[in-house]
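J.: Encoded as structure tokens, here's the structure I'll be asking about.
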Amino acid sequence: MRDAIARALTWALRLVLPSRGRHSAAQLNAPAASTPSPAAPLPSHVQERNKPLDGEDVEFIRPYYAAYMQNQEAERVRLRAVRQRQRELFWAATMGMDYPGVRLRGAGAPA
């Protein structure tokens, strides 16, 4: 029922208030105005903007983000080495076991 009322009101408004403006049917049926050609050729920087992008010319990752990720990876490697040294020293000091890579100096250990 609501749809029928809405259709009836739309029909009545179209009779009373004809459409006008940019989106009216008269505007759509009017011939398109021809675009004027530019008086001077476009500058090279504007022509470059209008060219399609080539995938090989565009970097996928921004340089500042790549540098950040490289620093993160270096920090990750450094922390991994620190943890490995801590693990080796723990096993050597508390358990009395030689862990590969542990080189205890002093306290009777051979140099």
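J.: Which condition from (1) exposed (fewer than 10 other Cβ atoms within 10 Å of the Cβ); (2) of a type in the set (Asp, Glu); (3) modelled with pLDDT of 85 or more is the one that Glu75 breaks?
T.: Going through the list (1) exposed (fewer than 10 other Cβ atoms within 10 Å of the Cβ); (2) of a type in the set (Asp, Glu); (3) modelled with pLDDT of 85 or more, Glu75 breaks only (1).
To keep it simple, each residue is scored yes or no on (1) surrounded by 10 or more Cβ atoms within 10 Å (Cβ to Cβ); (2) at pLDDT 80 or above; (3) assigned to a helix (DSSP H, G or I); (4) not small (Gly, Ala, Ser).
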| site | (1), (2), (3), (4) |
| --- | --- |
| Pro18 | yes, no, no, yes |
| Gly21 | no, no, no, no |
| Pro31 | no, no, no, yes |
| Thr35 | no, no, no, yes |
| Ala40 | no, yes, no, no |
| Gly55 | no, no, no, no |
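J.: Among the numbered criteria (1) of a type in the set (Lys, Arg); (2) at pLDDT 85 or above; (3) over 34 Å from the mean Cα position of the chain (by Cα), which single criterion is violated by Arg80?
T.: (3)
J.: Let me ask something additional. State all residues of region 83-111 that are surrounded by fewer than 11 Cβ atoms within 10 Å (Cβ to Cβ) and at pLDDT 80 or above; if no residue qualifies, say none.
T.: Arg83, Gln86, Thr94
The values are calculated or read from the model by the stated rules, or taken from the named source; none is laboratory data. This is a predicted model, so every value here is computed, not measured. Reconstructed Cβ throughout: ideal geometry from the backbone, glycine too, with neighbour counts over all protein chains shown.
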